[in-house]
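S.K.: Quick one: structure below, then a few questions.
The values are calculated or read from the model by the stated rules, or taken from the named source; none is laboratory data. These numbers come from a predicted model, not from an experiment. All Cβ positions, glycine included, derive from the backbone under ideal geometry; neighbour counts span all protein chains shown.
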Amino acid sequence: MDQIINLSKRLKKTASYLPPGTRFADIGSDHAYLPSYICLSDTTAKAIVGEVNEGPFQRALETIYYYSLSDRVDVRMGNGLKILRPGEVDAVVTAGMGGSLISAILEDGCGQLTGRERIIAQPNTDEHDVRKWFLSHGYIIADETMIEENGYIYEIIVGDKETKTGTERLTEKQLLFGPRLLEQKPDLFYRKWEQKRKKRCRIIEQMKQAKVPDTAKIARFEEELLWIKEELEYDHP
């Protein structure tokens, strides 16, 4: 039996934020590759896989049976975090979905969380939605990183419950770029936001050509464009 799982760079980096021996849930697991990868390399780890549709649920089961992990990986069919009992896991992974969907999953299932769980999100789009959810529910953004794979630049956002008095305060600009990413400014940061700058310019011009331009939305996009230009030019005059 082949015990090596060729996990993507994106998912390997996501997995790196799970401490050894953790009990975690992988929501929308994509064949249960990530929990299988972790449990094969860490015999003390345990996982719960959540899938909302029959097809992905069956594929996840097949993977777990193939790697003989059914004693440590529990595959459940259900909607988001509703598959969990409070206190059942130490961490939650949501990867490969849009940020708005991840936020909706967290919001809909937040009653299943005790507040002690680390949340590791890898949104494909709308990363700011995830940060807003963290902020509004008393989580701090403990870490953020960027990774490139197959021509796409992804962000990984790690949220831990705030334990100090008060909560983290983030500006709209920090929610857009990511507070930790603004501190780190990796090379991928400049590449991603240069692409976004060009796209944002096109979108603004198209919006201005509409029969009834949405002036409020145009103003918001123009403000974000100004922030992008400021960040790109700050270290790259």
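S.K.: Do you know which residues across the range 76-99 are touching a Ser or Thr at 6+ places or on another chain (Cβ under 8 Å) and either without any contact (Cβ under 8 Å) to a residue 40 or more places away in the chain or not in a loop (DSSP other than H, G, I, E, B) (or both)?
M.R.: Listed by number, the residues that qualify are PRO86, GLY87, ALA91, VAL93, ALA95, GLY98, GLY99.
S.K.: Separate question: Filter the range 64-75 down to the residues that are in a helix (DSSP H, G or I) and buried (at least 21 other Cβ atoms within 10 Å of the Cβ) and list them by number. It would help to see each step written out before you state the result.
M.R.: Of the range 64-75, the ones in a helix (DSSP H, G or I) are 64-66.
Scanning the range 64-75 gives a single hit, ILE64.
S.K.: With the structure loaded, tell me whether GLY109 is touching a strand residue (DSSP E or B) at 6+ places or on another chain (Cβ under 9 Å), touching a residue at least 40 places away in the same chain (Cβ under 8 Å) and not acidic (Asp, Glu) or whether it fails that test. Before the answer, list the steps.
M.R.: Values: touching a strand residue (DSSP E or B) at 6+ places or on another chain (Cβ under 9 Å): yes; touching a residue at least 40 places away in the same chain (Cβ under 8 Å): no; not acidic (Asp, Glu): yes.
The answer is no for GLY109.
S.K.: Any idea which residue in the range 113-123 is surrounded by the most Cβ atoms within 10 Å (Cβ to Cβ), counting only those that are modelled with pLDDT of 95 or more and touching a helix residue (DSSP H, G or I) at 6+ places or on another chain (Cβ under 8 Å)?
M.R.: ALA121
S.K.: In the range 135-167, how many are modelled with pLDDT of 95 or more and either closer than 16 Å to ILE105 by Cβ or not assigned by TED's automatic domain parsing to the domain that holds VAL93 (or both)?
M.R.: Residues that pass the stated criteria total 2.
S.K.: Go through (1) more than 20 Å from the chain's Cα centre (by Cα); (2) at pLDDT 95 or above; (3) among the acidic types (Asp, Glu) and name the single condition ASP26 misses.
M.R.: Tallying (1) more than 20 Å from the chain's Cα centre (by Cα); (2) at pLDDT 95 or above; (3) among the acidic types (Asp, Glu), ASP26 fails exactly one: (1).
S.K.: For the range 38-63, how many residues meet the condition of being outside any helix (DSSP H, G or I) and farther than 16 Å from ALA95 by Cα?
M.R.: As a first pass, look at the range 38-63 and keep what is outside any helix (DSSP H, G or I): 42-53.
The next check asks that each one be farther than 16 Å from ALA95 by Cα; those that pass are 42-46, 53.
So the answer is 6.
S.K.: Restricting attention to the range 144-164, which residues are under 21 Å from LYS192 (Cβ atoms) and surrounded by fewer than 15 Cβ atoms within 10 Å (Cβ to Cβ)?
M.R.: In the first step, residues of the range 144-164 are kept if they are under 21 Å from LYS192 (Cβ atoms); the result is 144-159.
GLU148, GLU149, ASN150, GLY151, TYR152 - these are the residues of the range 144-164 that are under 21 Å from LYS192 (Cβ atoms) and surrounded by fewer than 15 Cβ atoms within 10 Å (Cβ to Cβ).
S.K.: List pairs: first in the range 54-73 and in contact (Cβ under 8 Å) with a residue 60 or more places away in the chain, second among the small types (Gly, Ala, Ser), Cβ under 9 Å, 6+ apart or cross-chain?
M.R.: Cβ pairs passing all conditions: TYR66/SER36; TYR67/ALA32; TYR67/SER36.
S.K.: Here's something else I'd like to know. For the range 220-237, which residues satisfy the criterion of being part of a helix (DSSP H, G or I) and of a type in the set (Asp, Glu)?
M.R.: Of all residues in the range 220-237, those part of a helix (DSSP H, G or I) come to 220-234.
If the condition is that a residue be part of a helix (DSSP H, G or I) and of a type in the set (Asp, Glu), then GLU222, GLU223, GLU224, GLU230, GLU231, GLU233 are the ones that fit.
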